[in-house]
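The values are calculated or read from the model by the stated rules, or taken from the named source; none is laboratory data. Worth saying up front: this structure is predicted, and the values here are computed from it rather than measured. In this analysis, Cβ positions are derived from the backbone assuming ideal geometry, glycine residues included, and neighbour counts consider all displayed protein chains.
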Amino acid sequence: MPVFPKPKFAFEYDLNAEITRLRKHKKARAIPKREQGKLLVATWNIANLGAQDRRDQDLSIIAEVIGWFEIIAIQECRENFGDLFDIHNKLPKSYRVVMSDASGNNERMAFLYDSNKLTVLEEIGEIAFPPSRFKAIKLPDINAQFSGFDRTPYLAAFSVGNTSLMFVNVHLFYGDEKPESIARRSLETFAVAKWADLRKKSPYSFTRELVALGDFNMPKCEPGDPIYNALTKLGLNLPEHSTQIASSISSDANYDQVAFFPETSQSHFTGLKGVFDYDAAIFPDLWKSGTNLKDYKTYLRYYISDHRPMWVQLSI
């Protein structure tokens, strides 16, 4: 994602008032409280984190939301990870961070997690296919060849409760809406599904309890959408979420998703899942009942993000 333009207008806000609004809206959206035997998992594409000039109060708003969850996958952390660690420092002392190296668009992917609830295990790495396996990543009606990921999916295994879980953090290729880009995006998506299927079947998998989450750049979460079809082709499932709110603020697309295998990790899914539309709660003085929509979105995507976080609750 190119860096968004910095707003040319001034708008100051009261941090405590905005935090109060967020917490009230959290209750309205029925995000559960933490509890024994349950795990709150989230994913959030935070636009160009480290490349846009966020202020301390903006990072505090982001940290407030992140702190509601016990593990969260972050996309679009740039090579400059300073803002990521500033957010980390605003979280309780039990939180830890692990992150990938920078790849496409100089982006890292990261996990922030509460070490009181989760323990990172031995397998941390990236999804990779040797060039000799590229030909196995193919889809009907797509003549293009898979040639690897633009931003390599990042994975980490954790012990939690009575089980272990592998979380796969993705930010797949977008490009544009032209057929060539859709084909490449579909192949990257299918590569994630193919890797997950191979891990599920392999006797040497570190764990078969696998959750793939992040920004899949999926326009519509429904059969017929090429990205949806590619992701679910080998058995990954996208259960409906409770709020039915899109994760993209600007386009109302379903870019961000959490995927499970029904026979393994989905057995942990409690049925509670949603998207937190923080943009419905914060900065009402800038929103002005929708009459200042252009400035509102410009401000939000620069200082907070153009994506909303998605969350799920798992039993552990």
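Test residue 47 against the criterion of being among the aliphatic types (A, V, I, L, M), outside any helix (DSSP H, G or I) and modelled with pLDDT of 95 or more, and give yes or no. Walk me through it before giving the result.
Working: among the aliphatic types (A, V, I, L, M): yes; outside any helix (DSSP H, G or I): yes; modelled with pLDDT of 95 or more: yes.
So residue 47 fits the description; yes.
Of all the numbered requirements in (1) of a type in the set (A, V, I, L, M, F, W, C); (2) touching a Gly at 6+ places or on another chain (Cβ under 9 Å); (3) over 20 Å from residue 197 (Cα atoms); (4) modelled with pLDDT under 95, residue 84 misses one, and that requirement is (4). Can you confirm whether the range 71-83 contains a residue that is in contact (Cβ under 8 Å) with a residue 40 or more places away in the chain and more than 26 Å from residue 251 (Cβ to Cβ)? Looking for residues that are in contact (Cβ under 8 Å) with a residue 40 or more places away in the chain and more than 26 Å from residue 251 (Cβ to Cβ), one finds at least one in the range 71-83, hence yes. In the set (1) over 30 Å from residue 173 (Cα atoms); (2) surrounded by 21 or more Cβ atoms within 10 Å (Cβ to Cβ), the condition left unmet by residue 100 is number (1).
Tallying residues that are surrounded by fewer than 23 Cβ atoms within 10 Å (Cβ to Cβ) and either within 19 Å of residue 76 (Cα to Cα) or among the aromatic types (Phe, Trp, Tyr) (or both) within the range 172-189 yields 4. Selection of the range 270-300 for residues being farther than 13 Å from residue 247 by Cα, assigned to a helix (DSSP H, G or I), out of contact with any Pro (no Cβ under 9 Å at 6 or more places or on another chain) and not acidic (Asp, Glu) yields 284, 286, 287, 288, 289, 290, 293, 294, 296, 297, 300. Among the residues of the range 170-220, those that are under 15 Å from the mean Cα position of the chain (by Cα) and among the small types (Gly, Ala, Ser) comprise 212, 214.
Yes/no per residue for (1) hydrophobic (A, V, I, L, M, F, W, C); (2) over 18 Å from the mean Cα position of the chain (by Cα); (3) farther than 22 Å from residue 295 by Cβ:
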{"site": "6", "(1), (2), (3)": "no, yes, no"}
{"site": "46", "(1), (2), (3)": "yes, no, no"}
{"site": "57", "(1), (2), (3)": "no, yes, no"}
{"site": "76", "(1), (2), (3)": "no, no, yes"}
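Looking at (1) small (Gly, Ala, Ser); (2) at pLDDT 95 or above; (3) surrounded by 13 or more Cβ atoms within 10 Å (Cβ to Cβ); (4) over 20 Å from residue 206 (Cα atoms), which is the one condition that is false for residue 125? In the conditions (1) small (Gly, Ala, Ser); (2) at pLDDT 95 or above; (3) surrounded by 13 or more Cβ atoms within 10 Å (Cβ to Cβ); (4) over 20 Å from residue 206 (Cα atoms), residue 125 misses (4) alone. Beta carbons closer than 6 Å, at least 6 apart along the sequence or on distinct chains, pair a first residue in the range 155-167 that is over 17 Å from residue 40 (Cβ atoms) with a second that is part of a loop (DSSP other than H, G, I, E, B) and not β-branched (Val, Ile, Thr) for 157/206. Considering only residues in the range 201-249 that are of a type in the set (Phe, Trp, Tyr) and assigned to a loop (DSSP other than H, G, I, E, B), the one that is surrounded by the most Cβ atoms within 10 Å (Cβ to Cβ) turns out to be 216.
Filter the range 129-169 down to the residues that are assigned to a strand (DSSP E or B), among the hydrophobic types (A, V, I, L, M, F, W, C) and more than 15 Å from residue 196 (Cα to Cα) and list them by number. Hits for the range 129-169 are 158, 160.
Would you pick out the residues in the range 267-285 that are surrounded by 17 or more Cβ atoms within 10 Å (Cβ to Cβ) and not hydroxyl-bearing (Ser, Thr, Tyr)?
Initially, the range 267-285 is screened for residues surrounded by 17 or more Cβ atoms within 10 Å (Cβ to Cβ), giving 268-269, 273-279, 281-283.
Within the range 267-285, 268, 269, 273, 274, 275, 276, 277, 279, 281, 282, 283 meet the criteria.
Kindly check whether there is at least one residue in the range 18-35 that is of a type in the set (Ser, Thr, Tyr) and touching a residue at least 60 places away in the same chain (Cβ under 8 Å). Can you show your working first?
Residues of the range 18-35 of a type in the set (Ser, Thr, Tyr): 20.
Of the ones still in play, those that are also touching a residue at least 60 places away in the same chain (Cβ under 8 Å) are none.
Scanning the range 18-35 turns up no residue that is of a type in the set (Ser, Thr, Tyr) and touching a residue at least 60 places away in the same chain (Cβ under 8 Å).
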